[in-house]
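Contents: one structure, followed by commentary.
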Amino acid sequence: MTASAPEMIGILASCGAAAAALVVRDRRAWLAAIAVALSVAPVIVLGSVWDESRVVDFRTSASQIGAALVVGALALAALVALFIRYRPALAIAALTVLPLRVPIDIGGETANLLVPLYLVIAAGAIAEALRGTGPAANGTRRGWALWLRWALAATLILYAIQSSYSADVANAIENIGFFLVPFAVLLCLLAEQEWTEWLLGRVLIAVAAVASICAAIAIYQYLARDLFLNPELLDANELHVYFRANSLFFDPNILGRYLALATIALAAYIAWGRSRAGLALAVAAGGLCLVGIAFSYSITSLASLLAGLGVVALLRWAIPGVVAAAGIGAVGLVALLVAGGTPTSDIETDRSIDSGHYDLVRGGLELAGVVEHEEREGETTYIGKPIAGYGSGSFGRAFYDHVEKARTTVSHSEPITVAAEQGAIGFVVYLGLLVSSLVTMLGAGAGRSVARAAVGACFVALLVDSFGYTGFALDPAMWALLGIGIALRRAPPDAPATISG
């Protein structure tokens, strides 16, 4: 089923506007592009799911709709007033609620949505429009930072175009409306912030506080053998000698990834820090997060943590630091694998410690045309579409139709997902995005600024995690980190932005 004309108009309008917001220089055009992007994105999502039974039940309930509108309007108004009066509050609020999802019951089904983050993004955009002043063109719109903006814009435009022939248009629309467009606006807002030493410190404190709470809840779950939000995980834990905690997240891998990013930021502060009181608090929070990561039993989170810590060590102490970090990491990896044990049953589940991703990776390579699909012994079938792929957001549907009748949405390896969905065309744009991102985040001067080191190390960690689990462009942390990294490029490389406790 291909996208209808109204759907494609909405897709192109929302993605095109978000792409324009990333690259335009005129402030009025910048605000107009953001307004169009944020206005059209929810409309196309609502249009896509309008006739689904759960949405029909919800939209016929006047009380539910009324309550949601009132609560949303009040929260939005309060945030707008706060951000107008105190602009740095936008950055603090965005990074504080970045990972938090709210379970919402719609028609008997529960959807975990980033409602707090969406409210912050919308309020930030409205506050910027009402403020009337502030730069939309600055020193970050040159050099590699400019190339990065254009790479992100190209990613959005190409995703919109390749939705036109997607095998799963509905999923592509959800990715655009829930993730790509609002997160692109988030990047725009954070890139326009003035990231002072004071603001960086307050953001770190907020992130450390939320991460510590999440880690403490994970520790409680492990000790009490009790979980929230995910009964399937509780059932899967019965098959293992280890118990995976998920804290306030549906998936323990998401918990592990968030705690890993917080730990890396704290490690950068510790590596460059000078305040004894601040160092003590950072070590305590980091230690708590490490325990939480251990109880998530997320291999990809551990790998991303090690990668991020390695970058911190490299930027701070050069090669000797990396060698030391690698040794500590190897010991930690062995300890986790030993503690993980083996399943107590021969049953393979999608919640095992390796998550059974081999079949997804193999299937993704088949869809991308890298390997042939073995339909049965002695017979192979070529199902690959190596040039243009199966279309944006189509991995799950293509996998189900051509590889194996199993429910999935991505391969859990971003390069493979991109190759299968967008083919060589999308893969080239993806590589351009990675190169421009890495150079922008870790280019000249990164080792002389604790802020740039922390943001760059977290970005590398998220990139590593995307190779084994999460979707790179669908994670708000990626867009937030790039926005901060772009803004930090404004500071001279010989003027370190140290984070105060």
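Throughout, read-outs are computed from the coordinates displayed, never taken from laboratory work. These numbers come from a predicted model, not from an experiment. With ideal geometry, Cβ positions are generated from the backbone for all residues, glycine too; neighbour counts draw on all protein chains shown.
The table that follows gives values for the structure above.
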| quantity | calculated |
| --- | --- |
| Radius 13 Å from Cβ of L463, net charge of other residues (Lys, Arg +1; Asp, Glu -1) | -2 |
| FRET efficiency, 1/(1 + (r/R0)^6) with R0 45 Å, evaluated for V439 and E232 via beta carbons | 0.65 |
| Extension gain (nm, one decimal) between A280 and Y382, 0.36 nm per residue minus Cα-Cα | 30.9 nm |
| Full-stretch length increase - A67, Y358 - with 0.36 nm per residue and alpha-carbon distance subtracted | 100.3 nm |
| Amide H partners (placed H, <5 Å) of L113, local residues excluded | V102, I104 |
| Gained length - R131 relative to N112, 0.36 nm times residue gap less alpha-carbon distance | 3.6 nm |
